[in-house]
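Quick note: the coordinates plus some simple rules give every number you see, no bench work behind them. Just so it is clear, the model here is predicted, and its values are computed rather than measured. Quick reminder, even Gly has a Cβ in these numbers, built from the backbone with ideal geometry, and neighbours come from all protein chains shown.
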C-alpha cells in the first residue's frame, strides 16, 4: 500500500485520533483516580492527626513524657504509621521509632505548620531509604510545636500504577480494534476508488468502452455516475472523431480521384479533341472548387471545435441581411424556374456577426434551391416573436425521410449521397449552420415530410422593440 494512498492516510488519521483520545482520556482518568485516592487519604489522615494532636498537645505542654509516649505508641499502632513530636524549633522530642530523638527535622509540611500558616499540612514524598511515604503535620495547640505522622503509601502508589497499566491495556486494545476497523473501513471506502482508478488506467490505454459499476449511495455513487457519463461522452467523441476522419478522408479522396482520372485522360490522349479537353479541364476546375470548399469548411469546423472562431458581434439589421442574401441567390432560383418568395418583417435588429449570419442564411437558402425541383417554390420568412427573431426556409422539394431527420446536422451526413455529390455539397454546410447559430445563442430546427418538402427554422435572440 503506497505511503501516499488514501487508505494509508485513513489509517494514519485513525491512529492519530486514537492516540490523541487515548492520551487525553488516560491523563484525565489517571488524574481523577489519583485525585480521588489523594483526597480520601488526605481527609482520613488529616482528621486522625488533628484529633491526635489535640490529645497530645496538653501532654507535651505539661512535659508528661510517659503519658505522651503511651498515647503516641498506641495511636501509631492503630494508624499503622510513625509519629513524631517536634518543638517549635523543629527538633524531634519524641519518635515512636526512637530513631530521630533530638534531631532537627526540616520538611515542608512541618515548616508550614510551625510558621503558623497552616494547622494541617499533607504531602507525599519518595526517598531512597523509605520509598513512597506520606507526611501529615498538625499543630500542637497551646504549647506550640507540631505532630508529624509518617505513613508508607507504596500500596497506594502501586494501585495508581496499576490503574495506569490497566488504562494503557484497555486503550491499547481499543487502538488495535480501531486500527482493524480502519483497515476494514478504508478497504470498503477505497475499493470503489481503486475500481475507478483501474478503469481510468484502462481508458488511458485506449479502451473507452469501460465503465465503473454504480453501487451504493451518496458521493461515491454520484462519482461513479459522473465518471460513466464522462466516459460515454469521450467514447462518443472518439467515435465521432474517427468517423469525421474517415468521412473527411473519403470526401477529399473523391475529388482527387476524379481529378486524377480526368488529368490522366488529358495527358495520355494527345489527340483528344479540343472541345473534349476543355470539358475535362472544366470538370477538373469544378472538382478543385469542390475540394477547396471541403477544406474551407473543415477549417471552419476545426476553428469552432478549438474555440478559435471569433464572433465579432455588433448591432445589425437582420432584415437587411436576409434581403441581401436573397438578392444574391435569386438568380440561381430563377435559372431553374423556381419561385423564391420572401416575407420579411422590417427593422428586426440583433447583436451578431454579419458575415457569420450571412453564411447561415446562404447555406439554408442555397440548400433549398439545390434540393427543390425545377419550377418549385421556396418561401423565406423572417418574423419577430417577443424578444426572438424567427427565420424560416420552406421548400416543396424532395424532403427528408423521418429516420434521417436526427442526423441532418451531423458532419458529412447525407440523405442522398449520390444526389448530394451531384449538387456539389460537402456534407458540412448544415453542421456549420448549427455551430454558428449556437455561437449566437440561438437554435436551429428542421421539420420535413419525405417527398413534400422541408422547413428549417433558426431562432435568434433579438433586441427589444424600440
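Values for this structure:
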read-out: Column: log10 I(q)/I(0), Debye, Cα scatterers of the range 6-160, q = 0.08, 0.10, 0.15, 0.19 Å⁻¹; value: -0.32, -0.44, -0.77, -1.13
read-out: Ranked 439, 234, 147, 68, criterion: other C-beta atoms within 10 Å, fewest first; value: 234, 439, 68, 147
read-out: Calculated P(r) of the range 283-406 - Cα pairs past 18 Å, %; value: 63
read-out: At R0 = 25 Å, FRET efficiency that the Cβ-Cβ distance of residue 450 and residue 374 yields, to 0.05; value: 0.80
read-out: Degrees separating the helix 219-268 axis from the principal Cα axis of the chain, which is the longest one; value: 30
read-out: Packing rank of 346-354, 52-60, where each peptide gets the mean count of other beta carbons within 10 Å, highest leading; value: 52-60, 346-354
read-out: Per-residue Cβ neighbour rank within 10 angstrom, fewest leading, 378, 193; value: 193, 378
read-out: Value of relative contact order over the chain, rounded to a whole percent, pairs C-alpha under 8 Å and six or more apart; value: 9
read-out: Rounded to 10°, Cα long-axis angle of helix 318-335 versus longest principal axis of the chain; value: 40
read-out: Rounded FRET efficiency, nearest 0.05, which uses the C-beta distance separating residue 310 from residue 30 and R0 of 60 Å; value: 0.20
read-out: Residue order, fewest to most surrounding Cβ atoms within 10 angstrom, among 434, 335, 370; value: 335, 370, 434
read-out: Rh by Kirkwood over Cα pairs, then Stokes-Einstein D for the chain at 1.002 mPa s and 20 °C, µm²/s; value: 65
read-out: Model label zone, residue 111; criterion: amide N under 20 Å from point 7 Å along Cα-to-beta-carbon; scope the range 60-96; value: 84-93
read-out: Alpha carbon Rg of the range 104-212, scaled by the compact-globule rule 2.2 N^0.38 Å; value: 2.49
read-out: Within the chain, percent of DSSP bridges classed antiparallel, to nearest 5; value: 90
read-out: Distance (nanometres) between label positions extended 7 Å along Cα→Cβ at residue 100 and residue 335; value: 12.9
read-out: Expected 222 nm ellipticity per residue - DSSP helices of 4 or more, -39500 (n - 2.57), all of the chain, to 500; value: -20000 deg cm²/dmol
read-out: Angle between the chain longest axis and helix 429-439 axis [Cα atoms, degrees, rounded to 10]; value: 40
read-out: Full-stretch length increase - residue 275, residue 239 - with 0.36 nm per residue and alpha-carbon distance subtracted; value: 8.3 nm
read-out: Sites residue 159 and residue 194 - FRET efficiency at Förster radius 56 Å, r taken between beta-carbons, to 0.05; value: 0.65
read-out: Label-point separation in nm, residue 226 to residue 328, each point 7 Å along Cα→Cβ; value: 4.6
read-out: Extension gain (nm, one decimal) between residue 93 and residue 8, 0.36 nm per residue minus Cα-Cα; value: 23.7 nm
